[in-house]
Amino acid sequence: MPPLNDGGTQSGSQYPKVWIGGGAPDVKWAPSKIGHAASILEDALEALGGTGALGNVQAQGLVTAAELGNWDAGQALAGTTQAAHEHITAVFQDLIRQYAAAIQTLRKTAANYADTEAGLTKHERRIGGQAQPASAENPTWHNVPSAD
């Protein structure tokens, strides 16, 4: 292995030339497409909430000792079914919370990309001595393949 100060000739930290999923490693993400993905997920989450599935699991998913019968095995099974019901309900609630968090993260990511791209475009034009455009609608990644 060459010494660390050998003028950057080490290749250990270089990224692959082609992504495993295909495409070049410098693929850019369009903020509008990220926002669109967030909207699709949000619609699906709202549809799931509209089904009343969580309420049904909470209200109707528990099998009680009375429903299982007044005998030893039924009473023991009731404790197991109660623990399972509590766990399934908690996992379902956590799924919904994490789903909503993923949507929020996508929206923040889209905003960050858009803000960064606008700032870079503004800075590039300032350096080049060009006048500022009325809006940053013209992305600088027009010749880079789409990530979707």
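Some notes on this structure:
- Projected onto planes of every orientation and averaged, the convex hull of the alpha-carbon atoms in region 53-115 covers 4.6 nm².
- Extension gain for ALA102-LYS122 works out to 4.2 nm (0.36 nm per residue, less the C-alpha to C-alpha distance).
- Rounded to 0.05, the FRET efficiency of the GLU67 and LEU95 pair, given R0 = 22 Å and the Cβ-Cβ distance, is 0.25.
- Förster radius 35 Å - calculated FRET efficiency between HIS36 and ALA83, Cβ distance, rounded to 0.05: 0.25
- The gain in end-to-end length when the ASN112 to THR51 segment is fully stretched comes to 18.6 nm, 0.36 nm per residue minus the alpha carbon separation.
Taken together, the values in this text are just the output of simple stated rules run on the coordinates, not laboratory data. What you are looking at is a predicted structure, and each value in this text was computed from that prediction instead of being measured. Counting neighbours? That spans all protein chains shown, and the Cβs are built from the backbone with ideal geometry, glycine included.
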